[in-house]
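K.L.:
Please find one structure pasted underneath; my questions will follow.
The values are calculated or read from the model by the stated rules, or taken from the named source; none is laboratory data. This one's a predicted model, so the numbers in the text were calculated from it and none came from an experiment. We place every Cβ from the backbone using ideal geometry, glycine too, and count neighbours over all the protein chains shown. With ligands, DNA and RNA removed, areas are computed over all heavy atoms of the protein, side chains included. Shrake-Rupley method; radii C 1.70, N 1.55, O 1.52, S 1.80 Å.
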Amino acid sequence: MKTLSGISVSRDIVIGKALLSPEDNLEIPRYSIAENMVEQELRRFVEAARGAAAELRLLKEDAQGISREQESIFEAHLLMVEDPDFHYKIKARLESKYENIEWIVWEISRELSQKLALSPSAYLRERASDVSDVSRRIINRLLGISRFSLAELSGDVILVAHSLLPSDILAINKSMVKAVAMDTGSRTSHTAILARAFGIPIVLGLSNATREISGGEVLVVDGEDGKVVIDPDRETLKSYEQAMERNRKASGHVHPLKRLPAETLDGWKVVLNANLEMPEETEAALQNGAEGIGLFRSEFLFMTPGQSTEEEQLAAYNKVIGVMGKRPVTIRTVDLGGDKLLPGFQGSGEANPLLGWRAIRFSLSLPEMFKTQLRAILRSSVEGTVKIMFPLISCMEELEDALALLEEAKTECRKNGHGFSEYMEVGTMIEIPSAVILADILSEKSDFFSIGTNDLIQYSLAVDRGNEKVNYLAQPAHPAVLRFLKQTIDAAHRRGIKASLCGELAGDAFMAPLLLGLGLDEFSMASPSIPTVKHVIRRIRFSDCQELAKEALACTACKQTNDLLADWAKKNIKER
Ligand code: PEP
Ligand code: MG
C-alpha cells in the first residue's frame, strides 16, 4: 500500500481499478533525411494512413447504432485520411524539404487545422479538430505508439494521467471513468472545474502518480483529503468503504435549505448563484438552490462539435433559460485560449498562453465569430432574464470595443427581424490587477462587476493556476488579494452597481464570512457548494462579518488571516 498526496476538487471517495492514460504531450521527432529516402518515407506514410483508415472503419462499425454523432465523426475522419489532396500535400512537402515523415505530417496538419480554426464558418472551424485527430492517429502509427481514445474507454476505471486538457474531460466516456488521478493541475484549473461540472471526482497535483501506478492496481481516490491510495490493505479499504457509506447517507441532509434565503441572523441577504459549464447542469443547479446562473462558461460549447453556430448557441442558451425561468442567467462570452484551446489551435506555439491570445482578446480579434455569439445571447434574452459579461478585461478600450460590437450585433438582430431585450445588463469581469485599479473607470460602462478570483489570484500573485508546484502560493487570504477584492467591491458600490464573485473562492465556506463582510452582493459557485455556503451564512451575523473584514484587512500575512478566520468561525458560527 502506498499513499500519494494531491489537491482535492470534490469530496467524493471512489474505489476502482487504475487505468494509465497514454502520454498526451507527444514529442514529434524532427530530422533531415537523404534524398534517396523519400520513397521509403512516403511508403511508411501510405501504410500508416491505410492502418489508420482500417482502425477508423472498425470504430465506425462499433459506433453504429450507439451514436449517430460519433458515427459521422468517424466518417469525416475516414474521408480525410483518404483525401488525395492531403496525400498530395504531404508528398510535395516531403520532396521539397527532405525531413522525416512524422514531422511533415504534423506540420501540414497543424497548418491546415490553424487555417480552419480561424475560418468564419462554424462548420469549417469544427473540421480543425478532425484534422488534428486524424494526423495524431497517423503519427502514432508511424511512431509505433498504440493509443486509445478517452472516448473509447470501457469498463469502470480510475483514469491516471499526467495532464488532461479541458477538451479531454469533454471526450471522456463518463459512464466508464469513475474518477481521475492526475500528476498536474490545481483546484482552479479548467480541467478541475470541468471534471467537477461533470461529476467526475478528481484528485490533482499528485506529481508522480503516472510513475507510481502502472495500471490494474486497486486505487482509492480520496477527495476528502486529496489523496490517492495505491493497493490499499484490507483495513484501509474497509474504512474507506465505511466512509463512502456515511457520505451516501449524509448527502441530502443539506437540501432542506434549498428554499430558504441566504440570510444572516441579523437579516442581511445575499444572492447565491451557480456556475455552469454545460446546459445539462442547470437542473442540478436549481436542485441545489441556485437563485440564478452567475457564470455560464460558454466556451465549452465551442469545444464540443456541433454547438457553435448562432442557432446552436441560441438553443443551448434557451435550454438553460428554459430550466431557470425568469431567474437571471449570466452568459460569459467565450474565454478561449490559455488552457482552453479550440481544437486546431493547440500547435499555435504561444510561449505564454495565459498572458496571450485569450478571452476578450481572442473575441475582439475575430469580430464575426464574436458577433455571432453576441447575437445568439441577445436573441436568448427574450426568453428570460439574460445578462452578459466579458472576460479578462484589462482596460477601458477593450470594454468599449466589446460594447461597440454588441451595438453592431443589436443592429444586425434588428435587421434580421430578431427580437431581444433592450434592458439586458452588461457586466465586466474583474480578473486582472489593471482592472481592479481601473474599477472606478470601468464601472462607468458596466451594469455589474463579476470578480474572477481564479484569474485574479493567478495574475496578481504571478501563480500559474494550473501548476501544482506553485499551488501553495495561490492564497485567497493573501493581503494583496483581500485589498483587491475590497477595492473592486467599493468601486462598484460607489457607482451603485452590484459586485459578484464567480471564482472558486465563492464556494469556499471558510471564506464566506469574510467575503460577506467585504460587502460582496452575489456569490456564484459550482452548485454543489451552494447548500454548504448557505448553511454558514444563515448562522452568522453580518455586523460580525464586517468587523472580521476590518481585522482581516489589517493582517499582514496569509497565515495570520487564516488563523483569524479559523478563530472567528469557532466563536461566531452559531447553531440555528
Ligand atoms: C475566474 O477566473 O475566477 C473565473 C470565474 O473564470 P474562469 O475560471 O473560467 O477563468
Ligand atoms: Mg477567469
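K.L.:
Net charge within 12 Å of LEU286 by Cβ-Cβ distance, Lys/Arg positive one each and Asp/Glu negative one each, not counting LEU286 itself?
P.N.:
0
K.L.:
Compute, for TRP268, the solvent-accessible surface of its heavy atoms (probe 1.4 Å) with the complete set of protein chains present, and express it in square angstrom to the nearest 10.
P.N.:
Surface open to solvent at TRP268 totals about 100 Å².
K.L.:
Taking a 18 Å limit on the Cα-Cα distance, which of the listed pairs LYS89/LYS115; LYS174/LYS249; LYS249/LYS574; LYS269/LYS498; LYS258/LYS387 fall beyond it?
P.N.:
LYS174/LYS249; LYS249/LYS574; LYS258/LYS387
K.L.:
Averaging sequence separations of C-alpha pairs under 8 Å and six or more residues apart, then dividing by the length of the stretch 173-271, give the relative contact order as a whole percent.
P.N.:
Once divided by the residue count of the stretch 173-271, the mean separation gives 18 percent.
K.L.:
Follow-up question, since we're still on this one. When a/c reaches 1.5 or more, the comparison of a/b and b/c decides; with that in mind, is the stretch 441-576 rounded, prolate or oblate per its Cα gyration tensor?
P.N.:
It is rounded, given that a/c, with a ≥ b ≥ c, falls under 1.5.
K.L.:
To continue, here is another question. Along the positive direction of the dipole of the chain (beta-carbon charges: Lys, Arg +1; Asp, Glu -1; about the Cα centre), which of ILE537, ALA477, ASN275 reaches farthest?
P.N.:
Sorting the options by dipole projection puts first ILE537.
K.L.:
Still on this structure, I have one more. Considering the alpha-carbon set of the stretch 357-400 alone, what are its Rg and its Dmax in angstrom?
P.N.:
Gyration radius and largest Cα-Cα distance of the stretch 357-400: 11.5, 33 Å.
K.L.:
Give the residue list of trypsin sites (Lys or Arg not before Pro) in the stretch 227-332 that are DSSP loop and have at most 11 other beta-carbon atoms within 10 angstrom.
P.N.:
ARG259, LYS326
K.L.:
Specify the angular offset, from 0 to 90 degrees and rounded to the nearest 10, of the alpha carbon long axis of helix 479-495 from the longest principal axis of the alpha carbons in the chain.
P.N.:
70
K.L.:
Take the Cα atoms of the stretch 366-486, find their three principal axes, and give me the spread along each one in whole Å, biggest first.
P.N.:
Result, largest extent first: 52, 30, 26 Å.
K.L.:
Now a separate question. Evaluate the distance, in nm, between pseudo-label points positioned 7 Å from the Cα of PHE510 and of ASN36 along their respective Cα→Cβ axes.
P.N.:
Output for this residue pair reads 6.9 nm.
K.L.:
What Rg and what Dmax come out for the stretch 266-572 when only alpha-carbon atoms are used, in angstroms?
P.N.:
When restricted to Cα atoms, the stretch 266-572 yields Rg and Dmax of 19.0, 61 Å.
K.L.:
Could you state the angle between the C-alpha long axis of helix 38-63 and the longest principal axis of the C-alpha atoms of the chain, as a value from 0 to 90 degrees rounded to the nearest 10?
P.N.:
60
K.L.:
Restricting the count to DSSP beta bridges whose residues both fall in the chain, what percent are antiparallel, rounded to a multiple of 5? It would help to have the intermediate numbers written out before the result.
P.N.:
On the way: 19 of 60 bridges.
Beta bridges within the chain, antiparallel portion: roughly 30 percent.
K.L.:
Over the stretch 496-563, what is the relative contact order in whole percent, taking alpha-carbon pairs under 8 Å and six or more residues apart?
P.N.:
Across the stretch 496-563, relative contact order equals 35 percent.
K.L.:
Let me ask another. Report P(r) for the chain: all Cα-Cα distances, bin width 20 Å, range 0 to the bin holding the largest distance, values in whole percent.
P.N.:
Histogram of Cα-Cα distances, whole percents per bin: 19, 52, 26, 3, 0.
K.L.:
Give the relative contact order (percent, whole number) for the chain; include only Cα pairs under 8 Å separated by 6+ residues.
P.N.:
That works out to 14 percent.
K.L.:
Report the gain in length on full extension from GLU82 to GLU111: 0.36 nm times residue separation, minus Cα-Cα distance, nm rounded to one decimal.
P.N.:
Contour length minus Cα-Cα distance gives 8.6 nm.
K.L.:
Moving on. Is it possible to state the helix-based mean residue ellipticity at 222 nm for the chain, with each DSSP H run of 4+ residues giving -39500 (n - 2.57), the sum divided by total residues, to the nearest 500 deg cm²/dmol? What is it?
P.N.:
That comes out to -14500 deg cm²/dmol.
K.L.:
In debye, nearest 20: dipole of the stretch 499-565 around its Cα centre with unit charges on the Cβ of K, R (+) and D, E (-)?
P.N.:
Once rounded to the nearest 20, the dipole reads 180 debye.
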